Amino acid sequence: MTKVVSRFAPSPTGFLHIGGARTALFSWLLARSMGGEFRLRIEDTDRERSTQEATDAIIDSMRWLGLAHDGEIVFQSERAARHNEVIDQLLASGHAYYCDCSKEAVDAMREKAMKEGRKPKYDGTCRDRGLTSGVVRLKAPQEGATGYKDLVKGFISVENTEMDDMILRRSDGTPTYNLAVVVDDHDMGVTHVLRGDDHVNNTPRQILIYRAMGWDVPEFGHVPMILGPDKKKLSKRHGALSVMEYEKMGYLPEAVTNYLARLGWSHGDQELFTMDEMVELFTPDGLGNSPSVFDLTKFEWVNGQYMQKADPDRLAGLLCDFLAREVGEDQAKAVSRAQFAKIAPLLQPRAKSLVDMLEQARPFIQDAASLAYDEAAVKKFLTGETKPLLTEIADRMAGLDEFTEAALEDLHRGFIEEKGIKFKAIAQPLRVAITGKTQSPGLFETMVVLGKDQTLARIGRAVEL
Ligand code: GLU
């Protein structure tokens with residue numbers, strides 16, 4: 001059996017959006033699940049629209065998602081000579097010919113065909129004229145049909161009478177898109193082409209080129225597009241951003257790949273998959289043939305699940321990076337990774353994203369003097385009545401030798417019994433005093449993470465307020 005080779009072939013005309021990332025992921029999974037190779041080709045032949053920035057963004061996004069490619073990246077623009085060499089071979093073998101029809105003449109042919117109830121197409125006038133210049137067209141078969149079994153859509157067939165003698169080389173000497181894709185896929189040894197179904201009409205045309213060259217035709221699969229909740233083509237207003245935008249929003253890469261995989265691929269009704277599991281379970285049979293609907297709420301949920309499972313030390317490293325982006329490297333150094341690693345487990349059950357976690361971590365990383373207090377919370381809970389309670393409990397805590405959750409719990413239980421008050425009566429004022437807010441992780445675990453000095457300093461400041 002020949003080795004499976006799949007590829008991702010983006011045009012670097014914009015950032016890698018999630019639709020493109022999903023295509024890349026499926027191709028990557030196909031290769032990895034079959035022990036094959038995954039190649040990356042940048043289709044940068046449109047020099048006006050292609051940018052280095054977009055190329056870099058694609059490469060960065062794929063790296064971040066963990067979609068490593070094998071071998072060197074192929075840049076399509078560097079291969080024009082090879083594309084032209086193949087066109088020359090097709091001319092020499094009689095599978096292609098020159099055509100000098102003007103645009104107006106071709107338009108007239110198309111119009112005529114339409115009037116006669118046929119597909120608008122070039123009528124092959126120049127096939128036997130023996131011209132030696134002009135655009136180069138493929139001599140497409142005029143009988144029969146061209147079909148293939150799509151990995152996603154099943155059998156697809158197009159009558160050859162419906163297909164044009166397509167242009168392979170333009171009058172300015174540049175090879176056309178379909179020709180370039182076929183030559184590159186062939187030369188890269190690609191055996192499986194998975195791509196968006198906006199390319200489904202190109203496939204029978206590309207097969208004609210493979211056949212004319214006598215090359216093996218790869219397997220093709222076309223994945224349906226992603227729709228917004230309103231069933232319209234997915235766009236920015238649906239929350240569909242570029243991959244790196246999700247990184248900035250604090251999503252974890254494994255959550256992104258998991259969610260994207262589930263947009264169009266399924267394995268029973270399982271929702272959460274590690275990359276390894278996906279590699280093990282992926283088959284193209286699991287790819288659905290109807291468009292999937294992007295659901296930001298579910299995406300957030302998936303991310304939350306991975307936030308809960310993540311190693312706190314890894315989250316701590318990421319939180320340091322996020323803080324550094326916000327306040328600069330120097331300022332961010334004031335908070336250590338070790339500090340974040342202590343805080344992270346407290347916040348993991350609730351944080352939806354790294355950005356959210358950093359937000360929730362703020363009360364922990366500020367020092368007592370600069371802690372921001374929520375005004376409404378202060379008014380409600382830091383009152384004349386609670387002041388003596390806070391002062392007294394702080395005095396007692398100061399006397400603790402071991403500042404642990406168990407010790408704090410004992411101390412507080414004793415305190416409320418003695419005073420004949422409910423735990424709530426002391427807990428909320430304390431929470432506001434040490435975090436500035438009415439919501440936080442468990443009171444005692446929060447105190448332990450803050451440490452005795454910070455806890456007491458904060459209560460002290462609250463009492464002054
Ligand atoms: N460059 C094409 C695109 O970005 C993909 C071509 C292909 O996958 O065959 O839509």
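Quick note: the coordinates plus some simple rules give every number you see, no bench work behind them. Note that the structure is predicted; figures quoted are calculated from it, not measured. Methodologically, a virtual Cβ is constructed for each residue, glycine included, from the backbone with ideal geometry; neighbour enumeration extends over all protein chains shown.
The table for this structure:
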quantity	calculated
Cα-centred dipole magnitude for the chain, charges only on beta-carbon of K, R (+1) and D, E (-1), debye, nearest 20	1040
Cα Rg, Dmax, the stretch 46-195, angstrom units	18.5, 54
Along each principal axis, Cα extent of the stretch 281-439, largest first, Å	68, 39, 32
Chain lengthening between residue 56 and residue 80 when straightened (0.36 nm per residue, less Cα-Cα)	6.4 nm
For residue 193, residues with placed amide H under 5 Å, excluding near neighbours	219, 220, 221
Euclidean distance of C-alpha centroids, the stretch 312-340 and the stretch 415-460, integer Å	26
When each of 149/236; 233/352; 309/333; 153/231 is checked by Cα-Cα distance, pairs over 30 Å	149/236
Fewest-first ranking of 242, 77, 6, using other Cβ atoms within 10 Å as the exposure measure	77, 242, 6
Virtual spin-label span in nm between residue 174 and residue 111, 7 Å along Cα→Cβ	2.8
Order of 343, 459 under a 10 Å beta carbon neighbour criterion, fewest first	459, 343
Amide H contacts under 5 Å for residue 39, placed H, 5+ residues apart	6, 7, 8, 70
Sequence of 99, 126 once ranked by neighbouring C-beta atoms within 10 Å, starting from the fewest	126, 99
Spin-label model distance (nm) - residue 133 vs residue 338, 7 Å beyond Cα toward Cβ	7.8
Linear extension gain, residue 391 paired with residue 231, 0.36 nm per residue minus alpha-carbon span	51.7 nm
Three-way shape label, the stretch 363-415, alpha-carbon gyration tensor, a/c 1.5	oblate
Unpaired by the 4.7 Å Cβ criterion, cysteines found in the chain	101, 320
Alpha-carbon centroids, the stretch 104-165 and the stretch 263-300: separation in whole Å	38
For the chain, with +1 on Lys and Arg beta carbons and -1 on Asp and Glu, the positive-most of 28, 306, 386 along the dipole	386
Separation of the residue 280 and residue 359 label points, Cα + 7 Å toward Cβ, nm	3.6
